[in-house]
Every structure is written in C-alpha cells, then in structure tokens.
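Data block below; observations after.
Values quoted throughout were computed directly from the atomic coordinates according to the rules given, and no laboratory measurement underlies them. Just so you know, these numbers come straight off a predicted model, no measurement behind them. Every residue, glycine among them, receives a Cβ derived from its backbone with ideal geometry; neighbour counts consider all protein chains shown.
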Amino acid sequence: MKGIVFAQPAFLYLLILVPLMIAFYVLRQHKATAAVRVPGLQPFENSGTTFRHWLRHILFTFRTAAVGLLIFILARPQTTDNFQDISTEGIDIVLTLDISGSMLARDFRPDRLEASKNVATEFIAGRPYDRIGLVVFSGESFTQCPLTTDHAVLINLLREMKSGMIEDGTAIGEGLATAINRIKDSEAKSKVIILLTDGVNNRGVIAPLTAAEITKTYGIRVYTIGVGTQGVAPYPVQTPFGVQYQDMPVEIDEAILKQIAQMTDGRYFRATDNEKLVQVYTEIDKMEKSRIDVRQFKIREEKYLLPALVAFCLIMLELIIRNTLLKSLT
C-alpha cells in the first residue's frame with residue numbers, strides 16, 4: 001500500500017507560519033479600516049464592495065498557499081510501499097551443465113542443450129531469493145557466472161552458452177571441482193550443486209569420485225541428472241557433406257552419477273525427454289527449501305514536481321493580477 005513519507009520532516013514545523021500569516025493579514029485589514037464621521041450615510045448607500053477589492057484577498061490566498069506548498073517541498077515528500085518482514089526460501093546453488101558436442105543430440109526438443117537451458121531458466125526464475133551460479137564443462141570447465149542474485153544477468157549468460165565454447169569431451173570431475181570452488185566459501189546454511197551431463201567422464205585430471213569426496217568435506221549436496229533417451233539417439237556427426245545426424249547408442253555413466261549423489265546426500269535423476277527434465281527440476285525445487293527472513297520494500301520516489309508546479313502557478317497568478325487588474329490599487 002502506497003503512502004507519503006518525508007525525507008526532511010523537520011521542515012514541516014515551518015507550517016506554523018501559515019496561520020501566523022493569516023492572523024497578521026486579518027489584523028492588518030482591521031487596522032486599515034478608518035472611522036469616517038459624516039452627517040448621514042446617504043452618500044454611501046449605492047457604494048458596494050467591487051470585484052477588484054475581493055481580488056486583494058484572493059491574492060493573499062495565492063501567496064499563503066504558495067508558502068505552504070514550498071514548505072511541503074522542503075520536507076521532500078516521497079511515495080513508498082509499506083514493507084513487512086516475511087519468511088521465504090533461499091539457498092546457494094551452482095548449476096553445472098555439460099556443453100559437449102553430444103548435448104546437441106536430437107532426442108530432446110530442439111536438442112539436449114537447448115532443452116536444458118530452457119528448463120534451467122525456468123528454475124532460476126522460480127527462485128528469486130536464491131544466489132545461483134553457473135559452471136559449464138566439456139573437455140574442460142569454467143565459471144560462466146559466479147553466485148549472484150542478479151538473475152537477469154545469470155539468465156542472459158545462460159542463454160549465451162553454447163556447445164563448442166571450449167574443447168570437446170566430458171570432464172565431469174573438472175566441472176564438479178570448478179563448482180566446488182565457487183560455492184565452498186558460501187556462508188549459506190544449504191549449499192547445492194546441480195550437475196547435468198549426458199555422457200561418460202573421459203577427460204580432465206580430477207576423477208569424479210575424488211571431486212565428490214571434496215564436495216562431501218565442504219557439506220555440499222549434489223543432485224546429478226543424466227540426460228538422454230533409452231537406447232539410441234540422433235547425434236550430430238561431422239561428415240564431408242557437413243553435420244549430419246546418425247543414430248548412436250546413448251551412454252551415460254549412471255553408476256558414477258549415482259555414487260556422487262549418494263556420497264553427498266543428494267539424489268540421482270534420469271531425464272529421458274523434455275517433460276521428464278521439467279519434472280526433475282520441479283522435484284529438486286521442492287526438495288531444496290531453506291527458510292530465511294527477507295525484508296521487502298519499494299524504492300522511494302520523490303514527489304515534489306506537482307506541488308512545485310502549483311506553487312509556481314500561484315506566484316505567477318499573483319504577480320500578473322497585482323500588476324494588471326489591481327495595479328491602480330497598489
């Protein structure tokens with residue numbers, strides 16, 4: 001609910017000047033009335049108060065209102081929403097995504113990589129109070145985005161991610177180790193890594209289970225996701241005639257992924273199509289809820305422009321009327 005607050009409320013004490021101005025004006029008008037002794041009132045029977053005499057009081061009204069508005073402006077009126085303490089969810093999460101060439105397989109729509117990016121985007125959007133980071137890996141790994149609450153930047157970096165950014169391969173251990181480096185110093189009560197891959201570890205100097213041992217030491221929970229249909233899938237293959245898709249066996253090292261999850265008190269999921277991948281992230285979202293207190297409030301907005309324009313108009317009207325219609329009375 002929006003309301004008006006003042007950044008400099010002490011200036012509002014100056015509003016006492018308004019009733020003082022009115023009292024002084026009334027007193028001066030009373031003293032300005034002269035007592036005239038005449039033998040009779042007949043000469044004044046047809047003399048009334050003209051419109052020009054009433055304008056003098058209107059000018060004083062303009063001036064008094066302008067002073068009140070100027071004091072109001074000095075107090076710096078602002079609009080704001082009422083804020084309240086609420087309880088919500090929030091943890092630290094690092095998304096660790098495989099971007100190897102096999103992630104371009106077409107058993108997902110439009111392919112595994114794009115499907116993973118789309119579902120991850122929805123996951124990020126659904127957790128506005130979490131710090132989330134992004135690590136990508138194939139033959140090697142790097143941090144695409146450190147832990148942040150600026151989810152707009154994170155989503156943009158996620159969308160820019162593509163296969164071929166780094167040397168091809170599947171270095172699961174390297175990807176997990178990079179994610180550990182990004183989250184190990186976090187002070188959050190709950191630290192989570194979501195590792196998604198579609199292959200078997202075949203690159204890197206760090207073994208997946210070695211990285212899992214390190215993860216366990218830091219109290220980090222790992223959810224592993226194997227992406228790929230059962231049986232065969234159309235994989236991109238470079239030929240003399242360009243990239244063509246050929247059906248090849250789907251090979252996911254589920255045993256290693258299950259061990260990583262088990263060692264870190266996490267869980268392994270298998271996603272065989274787009275719908276299953278959405279369900280996996282939905283389940284992880286429900287499982288990882290850690291309550292924290294958040295104070296929500298709106299940024300204050302200055303509201304001096306309208307009263308300033310009104311005060312300016314009142315001052316200009318007084319000057320114009322005083323120097324035109326009432327010029328002969330001044």
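Between SER190, ALA125, VAL136, the Cα set farthest toward the positive side of the dipole of segment 121-199 (charges on each charged residue's Cβ, about the Cα centre) is that of SER190. Ranked by the mean number of other Cβ atoms within 10 Å of their residues, highest first, the peptides 258-269, 105-116 fall in the order 105-116, 258-269.
In segment 215-278, the alpha-carbon atoms span a convex hull of 114 Å³ per residue. For segment 88-295, how big is the tail of P(r) above 22 Å, as a whole percent of Cα pairs? So the pairs more than 22 Å apart make up 44 percent of the total in segment 88-295.
Taking the alpha-carbon centroid of each part, what is the distance from segment 1-30 to segment 149-179 in angstrom? If we compute the Cα centre of each part, the gap is 61 Å.
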